[in-house]
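Engineer: Let me give you the structure first, and then I'll get to my questions.
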Amino acid sequence: MNDLFSPYRIKELELKNRIVMPPMCQYSVEAEDGIPTNWHQQHYVSRAVGGTGLIIVEMTDVEPDGRISNRDLGLWSDDQIGAFSNIVKEVHQYGAKIGIQIAHAGRKAEDAEPPVAPSAIAFDETYKTPRALETEEVKEMVDKFRASARRAVQAGFDVIELHGAHGYLIHQFTSPLTNKRDDEYGRDLTKFGVEVIKAVKSEMPADMPLIMRISAKEYVEGGYGIEESIAFSQVFKEAGVDMFHVSSGGEGPIGADGRPGTHASYQTPLAREIKKALDIPVIAVGRLDDPILANSIIGNEEADLVAVGRGMLRNPYWALEASKALNIKTEIPKQYQLGFKH
(Lines give C-alpha, C1' and ligand atoms only; values in the text may rest on other atoms or scores of the structure.)
Protein backbone atom coordinates (compact mmCIF):
# COMPACT_ATOMS: atom_id res chain seq x y z
CA MET A 1 0.00 0.00 0.00
CA ASN A 2 1.32 3.43 -0.92
CA ASP A 3 1.68 6.34 1.46
CA LEU A 4 2.56 10.02 1.21
CA PHE A 5 6.26 9.20 0.94
CA SER A 6 6.03 6.41 -1.63
CA PRO A 7 7.86 7.18 -4.88
CA TYR A 8 5.72 7.92 -7.91
CA ARG A 9 6.37 7.71 -11.62
CA ILE A 10 4.38 9.05 -14.56
CA LYS A 11 6.02 8.59 -17.98
CA GLU A 12 9.68 9.49 -17.32
CA LEU A 13 8.95 11.79 -14.38
CA GLU A 14 10.11 10.11 -11.18
CA LEU A 15 9.10 11.74 -7.88
CA LYS A 16 10.59 10.79 -4.52
CA ASN A 17 7.22 11.25 -2.78
CA ARG A 18 3.58 12.14 -3.44
CA ILE A 19 3.75 15.72 -2.11
CA VAL A 20 3.14 18.64 -4.48
CA MET A 21 3.55 22.36 -3.95
CA PRO A 22 0.76 23.75 -6.16
CA PRO A 23 1.04 26.99 -8.15
CA MET A 24 0.41 30.04 -5.95
CA CYS A 25 0.89 33.53 -7.39
CA GLN A 26 3.40 35.68 -5.55
CA TYR A 27 2.70 38.99 -7.37
CA SER A 28 6.35 39.85 -6.78
CA VAL A 29 7.86 40.85 -10.15
CA GLU A 30 8.54 44.46 -9.20
CA ALA A 31 10.14 45.29 -12.57
CA GLU A 32 6.92 44.07 -14.27
CA ASP A 33 8.97 42.25 -16.91
CA GLY A 34 7.75 38.73 -16.12
CA ILE A 35 11.22 37.59 -15.04
CA PRO A 36 11.57 35.64 -11.76
CA THR A 37 13.35 37.52 -9.00
CA ASN A 38 15.48 36.54 -6.03
CA TRP A 39 12.22 36.15 -4.08
CA HIS A 40 11.04 33.45 -6.49
CA GLN A 41 14.44 31.75 -6.32
CA GLN A 42 14.32 31.54 -2.53
CA HIS A 43 10.62 30.70 -2.45
CA TYR A 44 10.84 27.63 -4.67
CA VAL A 45 14.27 26.36 -3.68
CA SER A 46 13.39 26.43 0.03
CA ARG A 47 10.51 24.01 -0.64
CA ALA A 48 12.95 21.69 -2.42
CA VAL A 49 15.21 21.77 0.64
CA GLY A 50 12.06 21.12 2.66
CA GLY A 51 11.45 17.75 1.04
CA THR A 52 8.68 18.48 -1.49
CA GLY A 53 8.54 15.91 -4.29
CA LEU A 54 7.11 18.15 -7.03
CA ILE A 55 7.08 21.94 -7.08
CA ILE A 56 4.86 23.68 -9.64
CA VAL A 57 5.82 27.28 -10.37
CA GLU A 58 2.97 29.76 -10.16
CA MET A 59 0.77 30.86 -13.06
CA THR A 60 3.16 32.05 -15.79
CA ASP A 61 1.60 33.88 -18.68
CA VAL A 62 1.93 33.61 -22.43
CA GLU A 63 1.71 37.36 -23.12
CA PRO A 64 1.99 40.57 -21.06
CA ASP A 65 -1.77 41.21 -21.12
CA GLY A 66 -2.39 37.63 -20.02
CA ARG A 67 -1.24 38.33 -16.48
CA ILE A 68 -3.61 38.73 -13.54
CA SER A 69 -1.41 41.65 -12.55
CA ASN A 70 1.65 43.22 -14.09
CA ARG A 71 3.72 41.73 -11.26
CA ASP A 72 3.12 38.17 -12.43
CA LEU A 73 5.57 35.85 -14.15
CA GLY A 74 5.73 35.44 -17.90
CA LEU A 75 7.23 33.24 -20.61
CA TRP A 76 6.48 35.30 -23.69
CA SER A 77 10.13 36.15 -24.41
CA ASP A 78 13.37 34.20 -24.67
CA ASP A 79 14.85 36.81 -22.34
CA GLN A 80 12.84 35.24 -19.52
CA ILE A 81 14.23 31.71 -19.90
CA GLY A 82 17.50 32.18 -18.01
CA ALA A 83 16.01 33.12 -14.66
CA PHE A 84 13.63 30.16 -14.76
CA SER A 85 16.51 27.86 -15.70
CA ASN A 86 18.46 28.99 -12.63
CA ILE A 87 15.52 28.05 -10.37
CA VAL A 88 15.17 24.66 -12.06
CA LYS A 89 18.86 23.83 -11.61
CA GLU A 90 18.89 24.71 -7.93
CA VAL A 91 15.63 22.88 -7.19
CA HIS A 92 17.11 19.78 -8.83
CA GLN A 93 20.20 20.13 -6.65
CA TYR A 94 18.03 19.39 -3.60
CA GLY A 95 16.26 16.34 -5.00
CA ALA A 96 12.91 17.80 -6.05
CA LYS A 97 11.32 17.91 -9.49
CA ILE A 98 9.79 21.10 -10.83
CA GLY A 99 7.03 22.05 -13.24
CA ILE A 100 5.54 25.31 -14.44
CA GLN A 101 1.93 26.35 -14.91
CA ILE A 102 1.38 28.07 -18.26
CA ALA A 103 -1.70 30.25 -18.53
CA HIS A 104 -3.57 33.34 -19.68
CA ALA A 105 -5.92 35.20 -17.34
CA GLY A 106 -8.39 36.22 -20.05
CA ARG A 107 -11.12 38.47 -18.64
CA LYS A 108 -9.49 38.32 -15.18
CA ALA A 109 -6.36 40.16 -16.38
CA GLU A 110 -6.72 43.14 -14.07
CA ASP A 111 -4.09 45.42 -15.63
CA ALA A 112 -4.87 44.75 -19.30
CA GLU A 113 -6.46 47.61 -21.28
CA PRO A 114 -8.77 45.96 -22.15
CA PRO A 115 -8.57 42.29 -21.21
CA VAL A 116 -9.56 39.71 -23.82
CA ALA A 117 -11.91 36.76 -23.53
CA PRO A 118 -14.05 34.39 -25.60
CA SER A 119 -16.98 36.79 -25.22
CA ALA A 120 -17.41 40.36 -23.99
CA ILE A 121 -18.74 39.42 -20.55
CA ALA A 122 -17.22 40.90 -17.38
CA PHE A 123 -16.56 38.69 -14.36
CA ASP A 124 -18.60 41.08 -12.19
CA GLU A 125 -19.16 44.82 -11.79
CA THR A 126 -15.69 45.31 -10.30
CA TYR A 127 -13.92 43.93 -13.40
CA LYS A 128 -13.42 45.50 -16.80
CA THR A 129 -15.56 44.29 -19.68
CA PRO A 130 -13.26 42.26 -21.92
CA ARG A 131 -12.96 42.45 -25.67
CA ALA A 132 -14.02 39.27 -27.47
CA LEU A 133 -11.15 37.70 -29.39
CA GLU A 134 -11.48 37.48 -33.15
CA THR A 135 -11.28 33.94 -34.54
CA GLU A 136 -7.82 34.55 -35.98
CA GLU A 137 -6.67 35.96 -32.63
CA VAL A 138 -7.78 32.74 -30.92
CA LYS A 139 -5.56 30.78 -33.30
CA GLU A 140 -2.69 33.18 -32.54
CA MET A 141 -3.29 32.60 -28.83
CA VAL A 142 -2.80 28.87 -29.34
CA ASP A 143 0.61 29.65 -30.86
CA LYS A 144 1.48 31.80 -27.84
CA PHE A 145 0.87 28.80 -25.58
CA ARG A 146 3.03 26.73 -27.94
CA ALA A 147 5.90 29.23 -27.73
CA SER A 148 5.73 29.41 -23.95
CA ALA A 149 5.87 25.61 -23.76
CA ARG A 150 8.98 25.62 -25.93
CA ARG A 151 10.63 28.07 -23.55
CA ALA A 152 9.61 25.97 -20.55
CA VAL A 153 11.28 22.93 -22.11
CA GLN A 154 14.38 25.02 -22.84
CA ALA A 155 14.48 26.15 -19.21
CA GLY A 156 14.67 22.51 -18.12
CA PHE A 157 11.31 22.00 -16.42
CA ASP A 158 10.35 18.40 -15.71
CA VAL A 159 6.63 18.82 -16.37
CA ILE A 160 4.23 21.43 -17.74
CA GLU A 161 0.82 22.23 -16.30
CA LEU A 162 -1.86 24.07 -18.27
CA HIS A 163 -4.18 26.25 -16.21
CA GLY A 164 -7.67 25.30 -17.32
CA ALA A 165 -9.34 26.26 -14.03
CA HIS A 166 -10.38 29.17 -11.80
CA GLY A 167 -12.00 31.26 -14.50
CA TYR A 168 -8.90 31.94 -16.59
CA LEU A 169 -8.80 31.84 -20.38
CA ILE A 170 -8.92 28.10 -21.10
CA HIS A 171 -11.69 27.71 -18.53
CA GLN A 172 -13.51 30.68 -20.08
CA PHE A 173 -13.61 28.88 -23.43
CA THR A 174 -14.76 25.63 -21.78
CA SER A 175 -17.61 27.17 -19.78
CA PRO A 176 -21.02 27.89 -21.33
CA LEU A 177 -21.29 30.80 -18.89
CA THR A 178 -18.50 32.73 -20.60
CA ASN A 179 -18.30 31.31 -24.10
CA LYS A 180 -21.17 32.72 -26.15
CA ARG A 181 -19.30 32.68 -29.47
CA ASP A 182 -20.93 31.71 -32.76
CA ASP A 183 -17.72 30.59 -34.50
CA GLU A 184 -15.95 27.22 -34.35
CA TYR A 185 -14.68 27.99 -30.83
CA GLY A 186 -18.23 28.53 -29.63
CA ARG A 187 -19.81 25.59 -31.37
CA ASP A 188 -17.30 23.27 -29.64
CA LEU A 189 -16.42 24.49 -26.14
CA THR A 190 -13.43 22.12 -25.92
CA LYS A 191 -11.84 23.22 -29.21
CA PHE A 192 -9.56 25.92 -27.78
CA GLY A 193 -8.40 23.68 -24.94
CA VAL A 194 -7.75 20.79 -27.31
CA GLU A 195 -5.74 22.97 -29.68
CA VAL A 196 -3.67 24.38 -26.80
CA ILE A 197 -3.00 20.87 -25.47
CA LYS A 198 -1.88 19.60 -28.88
CA ALA A 199 0.26 22.68 -29.51
CA VAL A 200 1.99 22.39 -26.14
CA LYS A 201 2.51 18.64 -26.55
CA SER A 202 4.18 19.27 -29.90
CA GLU A 203 6.94 21.19 -28.09
CA MET A 204 7.38 18.66 -25.26
CA PRO A 205 9.56 15.54 -25.28
CA ALA A 206 7.40 12.43 -25.70
CA ASP A 207 8.35 11.18 -22.22
CA MET A 208 7.45 14.47 -20.48
CA PRO A 209 4.00 14.48 -18.82
CA LEU A 210 1.42 17.21 -19.32
CA ILE A 211 -0.79 18.13 -16.35
CA MET A 212 -3.96 20.15 -16.70
CA ARG A 213 -5.62 21.97 -13.83
CA ILE A 214 -9.38 22.01 -14.12
CA SER A 215 -12.32 23.32 -12.17
CA ALA A 216 -14.43 20.17 -11.83
CA LYS A 217 -17.45 22.14 -10.62
CA GLU A 218 -18.67 25.72 -11.00
CA TYR A 219 -20.46 27.19 -8.02
CA VAL A 220 -22.49 29.53 -10.19
CA GLU A 221 -26.13 29.41 -11.24
CA GLY A 222 -26.19 27.74 -14.63
CA GLY A 223 -22.61 26.51 -14.25
CA TYR A 224 -21.46 22.98 -15.01
CA GLY A 225 -20.99 20.14 -12.52
CA ILE A 226 -18.97 16.94 -12.25
CA GLU A 227 -20.79 15.16 -15.08
CA GLU A 228 -19.91 17.91 -17.55
CA SER A 229 -16.32 18.16 -16.32
CA ILE A 230 -15.85 14.41 -16.72
CA ALA A 231 -17.06 14.77 -20.31
CA PHE A 232 -14.73 17.61 -21.28
CA SER A 233 -11.84 16.06 -19.35
CA GLN A 234 -12.24 12.90 -21.45
CA VAL A 235 -11.80 15.04 -24.55
CA PHE A 236 -8.73 16.71 -23.04
CA LYS A 237 -7.30 13.32 -22.07
CA GLU A 238 -7.69 12.12 -25.65
CA ALA A 239 -5.92 15.30 -26.83
CA GLY A 240 -2.88 14.48 -24.70
CA VAL A 241 -3.35 15.35 -21.01
CA ASP A 242 -1.55 12.81 -18.80
CA MET A 243 -2.79 13.94 -15.37
CA PHE A 244 -5.48 16.25 -14.00
CA HIS A 245 -5.00 18.64 -11.09
CA VAL A 246 -8.56 18.81 -9.80
CA SER A 247 -9.80 22.06 -8.29
CA SER A 248 -13.15 23.88 -8.57
CA GLY A 249 -14.84 27.25 -8.93
CA GLY A 250 -13.58 30.58 -10.18
CA GLU A 251 -15.71 31.22 -13.26
CA GLY A 252 -18.15 33.61 -11.67
CA PRO A 253 -19.34 35.12 -8.41
CA ILE A 254 -20.66 32.43 -6.10
CA GLY A 255 -24.32 31.90 -6.93
CA ALA A 256 -27.27 29.71 -6.12
CA ASP A 257 -25.70 26.42 -7.16
CA GLY A 258 -24.00 25.65 -3.85
CA ARG A 259 -20.84 27.04 -2.35
CA PRO A 260 -17.31 25.68 -2.29
CA GLY A 261 -16.55 23.96 0.98
CA THR A 262 -14.36 25.37 3.68
CA HIS A 263 -13.79 22.02 5.39
CA ALA A 264 -10.67 19.92 4.97
CA SER A 265 -10.49 17.86 1.78
CA TYR A 266 -13.64 19.42 0.31
CA GLN A 267 -12.42 18.96 -3.29
CA THR A 268 -11.05 15.45 -2.92
CA PRO A 269 -14.34 13.77 -3.96
CA LEU A 270 -14.11 15.62 -7.27
CA ALA A 271 -10.58 14.31 -7.86
CA ARG A 272 -11.72 10.82 -6.95
CA GLU A 273 -14.58 11.01 -9.47
CA ILE A 274 -12.32 12.20 -12.29
CA LYS A 275 -9.77 9.49 -11.51
CA LYS A 276 -12.40 6.75 -11.45
CA ALA A 277 -14.32 7.86 -14.52
CA LEU A 278 -11.32 8.47 -16.78
CA ASP A 279 -8.81 5.97 -15.37
CA ILE A 280 -6.20 8.74 -15.25
CA PRO A 281 -3.83 9.96 -12.51
CA VAL A 282 -5.00 12.98 -10.52
CA ILE A 283 -3.69 15.51 -8.02
CA ALA A 284 -5.99 16.35 -5.11
CA VAL A 285 -5.90 19.89 -3.71
CA GLY A 286 -7.85 21.96 -1.21
CA ARG A 287 -7.21 22.25 2.53
CA LEU A 288 -5.05 19.16 2.79
CA ASP A 289 -2.58 20.59 5.31
CA ASP A 290 -3.06 17.80 7.87
CA PRO A 291 -0.44 15.09 7.15
CA ILE A 292 -2.73 12.31 8.42
CA LEU A 293 -5.46 13.41 6.03
CA ALA A 294 -3.05 13.84 3.11
CA ASN A 295 -1.61 10.40 3.79
CA SER A 296 -5.07 8.81 3.88
CA ILE A 297 -5.92 10.21 0.44
CA ILE A 298 -2.93 8.37 -1.01
CA GLY A 299 -3.52 5.22 1.04
CA ASN A 300 -7.19 5.08 0.05
CA GLU A 301 -6.25 5.60 -3.62
CA GLU A 302 -8.46 8.67 -3.94
CA ALA A 303 -5.65 10.54 -5.71
CA ASP A 304 -2.11 9.84 -6.89
CA LEU A 305 -0.54 13.05 -5.59
CA VAL A 306 -1.55 15.54 -2.91
CA ALA A 307 -1.03 19.30 -3.29
CA VAL A 308 -0.47 21.32 -0.11
CA GLY A 309 -0.86 25.06 -0.67
CA ARG A 310 -1.48 27.17 2.41
CA GLY A 311 0.38 24.72 4.62
CA MET A 312 3.47 25.10 2.49
CA LEU A 313 3.20 28.88 2.46
CA ARG A 314 3.33 28.74 6.26
CA ASN A 315 6.08 26.16 6.40
CA PRO A 316 8.52 25.45 3.55
CA TYR A 317 9.53 22.29 5.43
CA TRP A 318 5.99 20.88 5.51
CA ALA A 319 7.09 17.60 3.93
CA LEU A 320 9.80 17.00 6.52
CA GLU A 321 7.38 17.82 9.34
CA ALA A 322 4.83 15.44 7.80
CA SER A 323 7.34 12.58 7.78
CA LYS A 324 7.94 13.15 11.48
CA ALA A 325 4.22 13.39 12.28
CA LEU A 326 3.49 10.17 10.36
CA ASN A 327 6.61 8.41 11.60
CA ILE A 328 7.57 7.60 8.02
CA LYS A 329 11.25 7.68 7.25
CA THR A 330 12.40 10.11 4.57
CA GLU A 331 15.67 11.73 3.64
CA ILE A 332 16.43 14.71 5.88
CA PRO A 333 19.14 17.20 4.86
CA LYS A 334 22.14 16.40 7.01
CA GLN A 335 22.22 19.97 8.26
CA TYR A 336 18.72 19.52 9.75
CA GLN A 337 18.85 15.95 11.01
CA LEU A 338 19.34 16.94 14.64
CA GLY A 339 15.97 18.71 14.56
CA PHE A 340 14.16 15.56 13.46
CA LYS A 341 15.61 13.05 15.88
CA HIS A 342 13.00 11.36 18.08
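The values are calculated or read from the model by the stated rules, or taken from the named source; none is laboratory data. Bear in mind the structure is a predicted one, so any value in this text is a computation, not a measurement. Note that we place each Cβ from the backbone using ideal geometry, even for glycine, and neighbour counts take in every protein chain shown. Heavy atoms of the whole protein, side chains included, go into the accessibility calculation; ligands, DNA and RNA do not. Shrake-Rupley method; radii C 1.70, N 1.55, O 1.52, S 1.80 Å.
Engineer: Of everything in region 294-317, what is hydrophobic (A, V, I, L, M, F, W, C) and open to solvent by 10 Å² or more (accessible area, probe 1.4 Å)? Give them in sequence order.
Structural biologist: Within region 294-317, LEU313 is the sole residue that qualifies.
Engineer: Right, something else. Can you find a residue that is surrounded by 21 or more Cβ atoms within 10 Å (Cβ to Cβ), touching an Asp or Glu at 6+ places or on another chain (Cβ under 9 Å), at pLDDT below 95 and among the hydroxyl-bearing types (Ser, Thr, Tyr) anywhere in region 174-185?
Structural biologist: no
Engineer: Going by the conditions given, is GLU14 in a loop (DSSP other than H, G, I, E, B), open to solvent by 10 Å² or more (accessible area, probe 1.4 Å) and not polar (S, T, N, Q)?
Structural biologist: No: the conditions fail for GLU14.
Engineer: Here is a check on your reading of the model: is ALA206 open to solvent by 10 Å² or more (accessible area, probe 1.4 Å) and among the small types (Gly, Ala, Ser)?
Structural biologist: yes
Engineer: Still on this model: Could you grab the pairs with beta carbons closer than 7 Å, sequence gap of 6+ or different chains, first residue in region 135-157 and under 11 Å from VAL200 (Cβ atoms), second one hydroxyl-bearing (Ser, Thr, Tyr)?
Structural biologist: Matching pairs, first to second residue: ARG146/SER202.
Engineer: Can you tell me which residue is farthest from the chain's Cα centre (by Cα) among those in region 221-247 that are free of Cβ contacts under 8 Å to residues at least 40 places away in the same chain and either assigned to a loop (DSSP other than H, G, I, E, B) or within 20 Å of HIS104 (Cβ to Cβ) (or both)?
Structural biologist: Filtering first and then ranking leaves GLU221.
Engineer: Would you pick out the residues in region 123-156 that are in contact with a helix residue (DSSP H, G or I) (Cβ under 9 Å, 6 or more places away or on another chain), over 30 Å from ILE81 (Cα atoms) and open to solvent by 80 Å² or more (accessible area, probe 1.4 Å)?
Structural biologist: Answer for region 123-156, where residues must be in contact with a helix residue (DSSP H, G or I) (Cβ under 9 Å, 6 or more places away or on another chain), over 30 Å from ILE81 (Cα atoms) and open to solvent by 80 Å² or more (accessible area, probe 1.4 Å): just THR129.
Engineer: Scan the helices (runs of 4 or more DSSP H) fully inside region 138-211 and keep the ones with 1 or more residues being over 20 Å from VAL246 (Cβ atoms) and of a type in the set (S, T, N, Q).
Structural biologist: Qualifying helices (runs of 4 or more DSSP H): 191-203.
Engineer: Ok, one more. How many of the residues in region 289-320 are assigned to a helix (DSSP H, G or I) and not small (Gly, Ala, Ser)?
Structural biologist: So the count comes out to 12.
Engineer: Another question about this same structure. For VAL88, only one of the following conditions fails: (1) over 15 Å from the mean Cα position of the chain (by Cα); (2) part of a loop (DSSP other than H, G, I, E, B). What is its number?
Structural biologist: Unmet for VAL88, out of (1) over 15 Å from the mean Cα position of the chain (by Cα); (2) part of a loop (DSSP other than H, G, I, E, B): (2).
Engineer: Another one. Give just the number: which of (1) in contact (Cβ under 8 Å) with a residue 60 or more places away in the chain; (2) crowded, with 24+ Cβ neighbours inside 10 Å; (3) acidic (Asp, Glu) does ASP72 not satisfy?
Structural biologist: Only one criterion is unmet by ASP72, namely (1).
Engineer: Out of (1) open to solvent by 10 Å² or more (accessible area, probe 1.4 Å); (2) at pLDDT 95 or above; (3) farther than 30 Å from GLN154 by Cα, the odd one out for GLY222 is which?
Structural biologist: (2)
Engineer: Report yes if some residue within region 9-31 is farther than 30 Å from GLY240 by Cβ and without any contact (Cβ under 8 Å) to a residue 40 or more places away in the chain; otherwise report no.
Structural biologist: yes
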